1. Considering only region 29-48, state which residues are among the acidic types (Asp, Glu) and assigned to a loop (DSSP other than H, G, I, E, B).
2. All but one of (1) open to solvent by less than 30 Å² (accessible area, probe 1.4 Å); (2) more than 11 Å from the ligand (Cβ to nearest atom); (3) touching a residue at least 40 places away in the same chain (Cβ under 8 Å) hold for Ser36; which doesn't?
3. Looking at region 41-79 only, could you name the residues that are touching a helix residue (DSSP H, G or I) at 6+ places or on another chain (Cβ under 9 Å) and small (Gly, Ala, Ser)?
4. Tally time: how many residues in region 58-73 are surrounded by 17 or more Cβ atoms within 10 Å (Cβ to Cβ), more than 9 Å from the ligand (Cβ to nearest atom) and either modelled with pLDDT of 95 or more or not in a loop (DSSP other than H, G, I, E, B) (or both)?
5. Checking Gly18 against (1) in contact (Cβ under 8 Å) with a residue 24 or more places away in the chain; (2) over 25 Å from Arg144 (Cα atoms); (3) in contact with a Leu (Cβ under 9 Å, 6 or more places away or on another chain), only one condition comes out false. Which one?
6. I'm trying to understand the selection: among the residues of region 6-28, which are outside any loop (DSSP other than H, G, I, E, B) and open to solvent by 30 Å² or more (accessible area, probe 1.4 Å)?
7. If we keep just the residues of region 43-57 that are among the β-branched types (Val, Ile, Thr) and open to solvent by less than 30 Å² (accessible area, probe 1.4 Å), which is nearest to the ligand (Cβ to nearest atom)?
8. Residues of region 157-178 being open to solvent by 90 Å² or more (accessible area, probe 1.4 Å) and under 17 Å from the mean Cα position of the chain (by Cα), which ones?
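The values are calculated or read from the model by the stated rules, or taken from the named source; none is laboratory data. On a predicted model such as this, the values are computed, not experimentally measured, just so you know. Note that we place each Cβ from the backbone using ideal geometry, even for glycine, and neighbour counts take in every protein chain shown. Side chains are part of the model used for accessible areas, which takes the heavy atoms of the whole protein and leaves out ligands, DNA and RNA. Shrake-Rupley method; radii C 1.70, N 1.55, O 1.52, S 1.80 Å.
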Amino acid sequence: MNCLSVAIQAGGGSKRMGVNKALMSFLGEPLITRISRLLSPVSDDLFIITQETEAYQHLGLRTISDEVPNMGAIGGLLTAMAQARCDYVAVVACDMPFVSPGILKHCLEILVDNNADVAIPLTMEGYEPLHAVYRKATCLPAIREAMAAGKKRLISWFSDVKVMGITEDRLSILDPDQLAFINTNTIDDFLQAVEIAKQHPEMLPPNFD
Ligand SMILES: Nc1nc2c(ncn2[C@@H]2O[C@H](COP(=O)(O)OP(=O)(O)OP(=O)(O)O)[C@@H](O)[C@H]2O)c(=O)[nH]1
């Protein structure tokens, strides 16, 4: 088995939500705890990347600060590569209640089998860089170089590495109800996601009544 780190990005400002979305209660557990619970079966090394480490201490998860603060999500991606203990790194956002361990496992397999650097879902909306798997050794220098050149876009460095897109024909098998990439930026998004979870019993927390 290949060692997989999982980095949950939680360094954003949650401005549209108005409160720290990672810590909002999603059916009784903090959203970030839910994401960690869903992904721990595929992770050998799970950690949170944030600007405010103290807010997460009570969760008992490894928590890391952005290496370069205030650079946005690409700064979080750099920190994920730099701090991962495994050669392969799954990166997810803290606001995706339906993250898919199956998709990430498939990304890892595709990455390794093709000796690629990034394996990433590719839908009609484009790439999903915050639900993808990266090879630490090659992505770390490529992201560092992009940031040094002032690039802020999460995928600005993709032309420098080998990227495998996981297309919808495959995604539709792994995530038939298309839940994995739903993210919650506003209160409305959040409430809607809670309703979606209630309609999918397999998405409810264990022991939820
Ligand atoms: N580590 C880290 N993560 C970030 C940073 N900026 C955004 N993120 C994360 O990237 C993901 C997507 O970010 P957004 O949806 O824009 O979240 P946000 O910045 O908290 O939300 P808004 O303030 O409403 O735009 C979320 O998981 C954020 O926590 C950053 O500077 N560092």
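1. Matches in region 29-48: Asp44 only.
2. Here Ser36 clears every test but (3).
3. Those that are touching a helix residue (DSSP H, G or I) at 6+ places or on another chain (Cβ under 9 Å) and small (Gly, Ala, Ser): Ser43, Ala55, Ser65, Gly75.
4. Here the count works out to 1.
5. It is condition (3) that Gly18 fails.
6. Leu23, Ser25
7. Among those that are among the β-branched types (Val, Ile, Thr) and open to solvent by less than 30 Å² (accessible area, probe 1.4 Å), it is Ile49.
8. Listed by number, the list holds a single entry, Gln178.
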